[in-house]
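Asker: Once you've had a glance at the structure underneath, I'll fire off some questions.
The values are calculated or read from the model by the stated rules, or taken from the named source; none is laboratory data. None of these values were measured; they are calculated from a predicted model. All Cβ positions, glycine included, derive from the backbone under ideal geometry; neighbour counts span all protein chains shown. Keep in mind that these areas ignore ligands, DNA and RNA; they rest on the heavy atoms of the full protein, side chains included. Shrake-Rupley method; radii C 1.70, N 1.55, O 1.52, S 1.80 Å.
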Amino acid sequence: MRQTTPDVVAHRGASAHRAEHTRGAYELALEQGADALECDVRVSRDGHLVCVHDRRVDRTSSGRGVVSELTVQAMSALDFTHHSVDDPEHGVLTLDELLGMVSDHGRGVRLFVETKHPVRYGGLVEQKLLAMLVRHGMATPADKESSTVVMMSFAPSAVRRFRLAAPKVPTVLLFDRWGRRRGGLLPPWADHAGPDIRLLREDPDFVARAAEFDHDTYCWTVDDPADIALCDRAGVRFVATNAPARTRSHLAEPDLPRFGSVTP
């Protein structure tokens, strides 16, 4: 039986209110009752998985440079709240730290991890992710529904590579154009469909078609009240949002008036 409302996934943390991919953003998301957290990961020069969306740190920090050319030590001096009104937070957030936050929280929160491609290290990011899940005891869950971690990527080859290495960890194939995905059938190594909200505005019936093939839908990035309501009506399983408290409130009481919207 499918759940009545979507799970609320904090996109890069509560990133509408705190600088994205910072400890503060994820702490606030947990305080706001998010069902799950979402992060992007890249490999640093010294081989660590770090939570940074862009190829470079310029947009999100006080520094400049390509993530794959910077060590964690070099990034420790950077303020990753530089472009926001938050209190300064120096040092890049590592995936190891974020997994520790999830483990320590104790409320059964999931973590959706997106591996970024193309990157200079190719499939190393998936190898590093699997090794870290092994260290944290998260690589072989009893079943996919109880898995703490969900792996995601826009790169089909990355999802396939990870599925072969960690068959018990669920996967999401992300996409921002229809192509062959429109019919609802995914490759056998993808558990969930991951469309952009703009695609569901065009074709909300996609969620039902995917469900016919036993694929749940993870939709991103959903902040506008009309989009939240659309996902709820369509039967989306996971809603990625920058404002988890606001999204949860709208799902709980959709008929209440809402003022303004959050820009992703």
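Asker: Positive end of the charge dipole of the chain (Lys, Arg +1 and Asp, Glu -1 on Cβ, about the Cα centre): tell me which of Ala19, Leu164, His90 has its Cα farthest that way.
Answerer: Checking the options against the dipole of the chain, the answer is Leu164.
Asker: So, one more: How large is the dipole of the range 78-200 about the Cα centre if only Lys and Arg carry +1 and Asp and Glu carry -1, each at its Cβ, rounded to the nearest 20 debye?
Answerer: So the magnitude is around 920 debye.
Asker: Here is a further query. As a test of the formula, what do you get for the chain when each DSSP H run with n ≥ 4 contributes -39,500 (n - 2.57) and the sum is divided by the residue count, at 222 nm and rounded to the nearest 500 deg cm²/dmol? Show your work: numbers first, answer last.
Answerer: Numbers: 9 runs with 78 residues, N = 264.
Taking each H run of at least 4 residues, the total per residue is -8000 deg cm²/dmol.
Asker: In percent, what relative contact order does the chain have, based on Cα pairs under 8 Å that are 6 or more apart in sequence?
Answerer: Working: 547 pairs, mean separation 49.3, N = 264.
After rounding, I find 19 percent.
Asker: Which one, Leu30, Gly122, Ala210, projects farthest toward the positive side of the charge dipole computed for the chain from Cβ point charges (K/R +1, D/E -1)?
Answerer: Gly122
Asker: Now, a different point. With only Lys, Arg, Asp and Glu charged, each at its Cβ (+1 for the first two, -1 for the last two), find how big the charge dipole of the range 1-47 is about the Cα centre; round to the nearest 20 debye.
Answerer: 120
Asker: Another question, then. Taking the Cα atoms of the range 173-238 alone, what are Rg (to one decimal) and Dmax (as a whole number) in Å?
Answerer: Here Rg and the maximum Cα pair distance are 10.6, 33 Å.
Asker: Here is a further query. Given axes a ≥ b ≥ c from the Cα gyration tensor, I'd like to know whether the range 21-170 is rounded (a/c under 1.5), prolate (a/b larger than b/c) or oblate.
Answerer: Oblate.
Asker: Is the range 1-96 best put as rounded, prolate or oblate by its Cα gyration tensor, with a ≥ b ≥ c the root eigenvalues, rounded for a/c under 1.5, and otherwise prolate when a/b is larger than b/c, oblate when not? Could you put the intermediate results ahead of the total?
Answerer: Numbers: a/c = 2.67, a/b = 1.70, b/c = 1.57.
Prolate, since a/c reaches 1.5 and a/b exceeds b/c.
Asker: A follow-up question, please. Just want the answer: with Cβ charges of +1 for Lys and Arg and -1 for Asp and Glu, which residue in Ser146, Ala229, Gly106 is farthest toward the dipole's positive end in the chain?
Answerer: Of Ser146, Ala229, Gly106, it is Ser146.
Asker: Then there is this: log10 I(q)/I(0), Debye, Cα-only the range 148-201, no solvent, q = 0.17, 0.19, 0.25, 0.26 Å⁻¹?
Answerer: Values, matching the q order: -0.49, -0.60, -0.95, -1.01.
Asker: Placing +1 at every Lys and Arg Cβ and -1 at every Asp and Glu Cβ, with all other atoms neutral, what dipole size does the range 1-147 have around its Cα centre, in debye to the nearest 20?
Answerer: 460
Asker: Continuing with this model, one more query. Once Rh for the range 123-264 is found with the Kirkwood sum over Cα pairs, what is the Stokes-Einstein diffusion coefficient at 4 °C and 1.567 mPa s, in µm²/s?
Answerer: 81
Asker: Taking all protein chains as present, what is the carbon and sulfur share of the accessible area of the range 113-177, in % to the nearest whole number, probe 1.4 Å? Don't skip to the end; give the middle numbers.
Answerer: Numbers: 1640 of 2980 Å².
Whole-percent figure for carbon plus sulfur exposure: 55.
Asker: Under a Cβ-Cβ cut-off of 13 Å, what is the net charge of the residues other than Asp203 that fall near it, where Lys and Arg count +1 and Asp and Glu count -1?
Answerer: Every neighbour counted, the sum reads +3.
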